[in-house]
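Notes for the one structure printed next.
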Amino acid sequence: MSAEEILDVSRAAVETELARGLEEALREVPVGLKEAMRYAVLPGGKRLRPAVVLAVARAVSGKPPAPAALRFAAAVELVHCYSLIHDDLPAMDDDDLRRGRPTVHRAFGEAAAILAGDALLTEAFAWTAAIPEIGAALTVELAQAAGAAGMVGGQALDVATTGNRAPAMEMVTRIHEGKTGALFAAAAAGGARCGDGSAEWVERMRRYGLALGMAFQASDDLLDITGNPALRGKRVGRDAERQKPTLVAAVGLPKARARAEELSRAASEWVAGLPGRAPLIELALYAAGRSR
């Protein structure tokens, strides 16, 4: 299957799991908060991170993903959606559009957006902790990726470096590893755990996910310059306008494009020897070469 077909299949399963899980979780939640949380999650975008979870679980186990993998995939997407809400806030990236719609703080107000993000992040850990047998390991995996040494730390560096017209490549790499690569790494490592993978394969999948995530972020930096706003569902040119520490700002367009391809190849190398690796390679190629 092509990457788009892989995403279509996994998206359908993940959307169903997210809708079911949120219906259960939000029964006693105040209406305004409930609406903001659902708005942020449903309907969603590419759902690439949960697709990585499910593809890795299938590749490692050689069987269709178990219910644990689907639940973990949905939890990963909750963390991603929380991060988008907070990244779009005026104090962060100050964006008005996300997935072709007003951002959560534009639709519901800043206070509701902050609270919705907080609630989604916390709910994600409740979902992973309840997974039988491997719930504790999956929760630690996700928490480490989301926390100060991962996404939050990467975003902190991003904010601190904004305004630098010529960011160092080393700094951009650290930012990409944290704000984007860490969650992809957790998605892949968690998928390997859900597929009963050995410790070696869990670690190899973590490296695969990190490289894929960094390829994805590299292509995101490129698309902010070359992308079509109608396809992306948000404005382009914002990174340059706000002098964000992007790969393009550090090395220019041609080298940034080459770096995205290099990272995609690196991801594919980590799955060498895995019989079910073809979908993982397709996703790595997609991450680097996508158009939206």
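The values are calculated or read from the model by the stated rules, or taken from the named source; none is laboratory data. These numbers come from a predicted model, not from an experiment. As a convention, Cβ positions derive from the backbone with ideal geometry for all residues, glycine included, and neighbour counts pool all protein chains shown.
Report yes if some residue within the stretch 213-231 is touching a Phe, Trp or Tyr at 6+ places or on another chain (Cβ under 8 Å) and aromatic (F, W, Y); otherwise report no.
yes
Taking the condition of being within 17 Å of G197 (Cβ to Cβ), in a helix (DSSP H, G or I) and more than 20 Å from the chain's Cα centre (by Cα), how many residues in the stretch 259-277 meet it? Quick ask: steps written out before the conclusion?
So the first thing to find is which residues in the stretch 259-277 are within 17 Å of G197 (Cβ to Cβ), and the list is 267, 270-277.
Those left that are additionally in a helix (DSSP H, G or I): 267, 270.
Checking the rest, the ones that are also more than 20 Å from the chain's Cα centre (by Cα) come to none.
Count: 0.
With the condition kept exactly as written, say whether any residue in the stretch 96-105 is under 20 Å from G181 (Cα atoms) and under 18 Å from the mean Cα position of the chain (by Cα).
The first filter runs over the stretch 96-105 and keeps only residues under 20 Å from G181 (Cα atoms), leaving none.
The answer is no; no qualifying residue exists.
Give just the number: which of (1) more than 23 Å from A287 (Cβ to Cβ); (2) free of Cβ contacts under 8 Å to residues at least 24 places away in the same chain does L33 not satisfy?
(2)
Which residue out of V41, V9 is crowded, with 18+ Cβ neighbours inside 10 Å and β-branched (V, I, T)? I'd like the intermediate steps shown before the answer.
Details: V9 fails: crowded, with 18+ Cβ neighbours inside 10 Å.
Matching residue, one of V41, V9: V41.
Check off (1) part of a helix (DSSP H, G or I); (2) touching a residue at least 40 places away in the same chain (Cβ under 8 Å); (3) out of contact with any Pro (no Cβ under 6 Å at 6 or more places or on another chain); (4) over 28 Å from R238 (Cα atoms) for V140 and give me the number that stays unchecked.
The one condition V140 does not meet is (2).
Which of the residues that make up the stretch 236-250 are of a type in the set (A, V, I, L, M) and not in a helix (DSSP H, G or I)?
Start the filter on the stretch 236-250 by keeping residues that are of a type in the set (A, V, I, L, M), which leaves 236, 240, 247-250.
Of everything in the stretch 236-250, just one residue is of a type in the set (A, V, I, L, M) and not in a helix (DSSP H, G or I), namely V236.
Whether any residue in the stretch 143-159 is assigned to a strand (DSSP E or B) and modelled with pLDDT of 95 or more is what I want to check.
There is no residue in the stretch 143-159 that is assigned to a strand (DSSP E or B) and modelled with pLDDT of 95 or more.
Pick from the stretch 12-38 the residues that are among the aliphatic types (A, V, I, L, M) and over 30 Å from G276 (Cα atoms): which of them is surrounded by the fewest Cβ atoms within 10 Å (Cβ to Cβ)? Spell out how you get there, then give the answer.
Going residue by residue through the stretch 12-38, those that are among the aliphatic types (A, V, I, L, M) are 12-14, 18-19, 22, 25-26, 29, 31, 33, 36-37.
Next cut, over 30 Å from G276 (Cα atoms) only: 22, 25-26, 29, 31, 33, 36-37.
On the way: L22: 20, A25: 17, L26: 17, V29: 16, V31: 8, L33: 16, A36: 27, M37: 27.
Among those residues, the one meeting the criterion is V31.
Checking G100 against (1) loosely packed, with under 15 Cβ neighbours inside 10 Å; (2) more than 26 Å from Q217 (Cα to Cα); (3) in contact with a Lys or Arg (Cβ under 8 Å, 6 or more places away or on another chain); (4) not aromatic (F, W, Y): exactly one of these is not met. Which one?
(2)
Name the pairs whose Cβ atoms lie under 8 Å apart, with the first residue in the stretch 165-192 and hydroxyl-bearing (S, T, Y) and in a helix (DSSP H, G or I), the second surrounded by fewer than 24 Cβ atoms within 10 Å (Cβ to Cβ) and at pLDDT below 95, and 6 or more positions between them or separate chains?
T180/D220
For (1) in contact with a Ser or Thr (Cβ under 7 Å, 6 or more places away or on another chain); (2) among the hydrophobic types (A, V, I, L, M, F, W, C); (3) within 28 Å of P245 (Cα to Cα), each residue gets a yes or a no:
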site: F72; (1), (2), (3): yes, yes, no
site: S83; (1), (2), (3): no, no, yes
site: D87; (1), (2), (3): no, no, yes
site: L97; (1), (2), (3): yes, yes, yes
site: F108; (1), (2), (3): no, yes, no
site: I131; (1), (2), (3): no, yes, no
site: A146; (1), (2), (3): no, yes, yes
site: A149; (1), (2), (3): no, yes, yes
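Could you list, in sequence order, the residues of the stretch 128-137 that are touching a Gly at 6+ places or on another chain (Cβ under 9 Å), part of a helix (DSSP H, G or I) and surrounded by fewer than 22 Cβ atoms within 10 Å (Cβ to Cβ)?
The first filter runs over the stretch 128-137 and keeps only residues touching a Gly at 6+ places or on another chain (Cβ under 9 Å), leaving 128-129, 134, 137.
After this cut, where a residue has to be part of a helix (DSSP H, G or I) as well, the list is 128-129, 137.
Answer for the stretch 128-137, where residues must be touching a Gly at 6+ places or on another chain (Cβ under 9 Å), part of a helix (DSSP H, G or I) and surrounded by fewer than 22 Cβ atoms within 10 Å (Cβ to Cβ): A129, A137.
Just wondering, is there one or more residues in the stretch 218-235 that are outside any helix (DSSP H, G or I) and under 24 Å from A74 (Cβ atoms)?
Quick first cut of the stretch 218-235, residues outside any helix (DSSP H, G or I) only: 227-228, 233-235.
Adding the requirement that they be under 24 Å from A74 (Cβ atoms) leaves 233-234.
Yes: one or more hits.
Residue check: is R265 surrounded by fewer than 19 Cβ atoms within 10 Å (Cβ to Cβ) and in contact with a Leu (Cβ under 6 Å, 6 or more places away or on another chain)? Give the steps one after another, and end with the answer.
Details: surrounded by fewer than 19 Cβ atoms within 10 Å (Cβ to Cβ): yes; in contact with a Leu (Cβ under 6 Å, 6 or more places away or on another chain): no.
It is false that R265 is surrounded by fewer than 19 Cβ atoms within 10 Å (Cβ to Cβ) and in contact with a Leu (Cβ under 6 Å, 6 or more places away or on another chain).
Answer with yes or no whether E15 is out of contact with any strand residue (DSSP E or B) (no Cβ under 9 Å at 6 or more places or on another chain), closer than 22 Å to A129 by Cα and free of Cβ contacts under 8 Å to residues at least 24 places away in the same chain. Step through it out loud before you land on a result.
On the way: out of contact with any strand residue (DSSP E or B) (no Cβ under 9 Å at 6 or more places or on another chain): yes; closer than 22 Å to A129 by Cα: yes; free of Cβ contacts under 8 Å to residues at least 24 places away in the same chain: no.
No.
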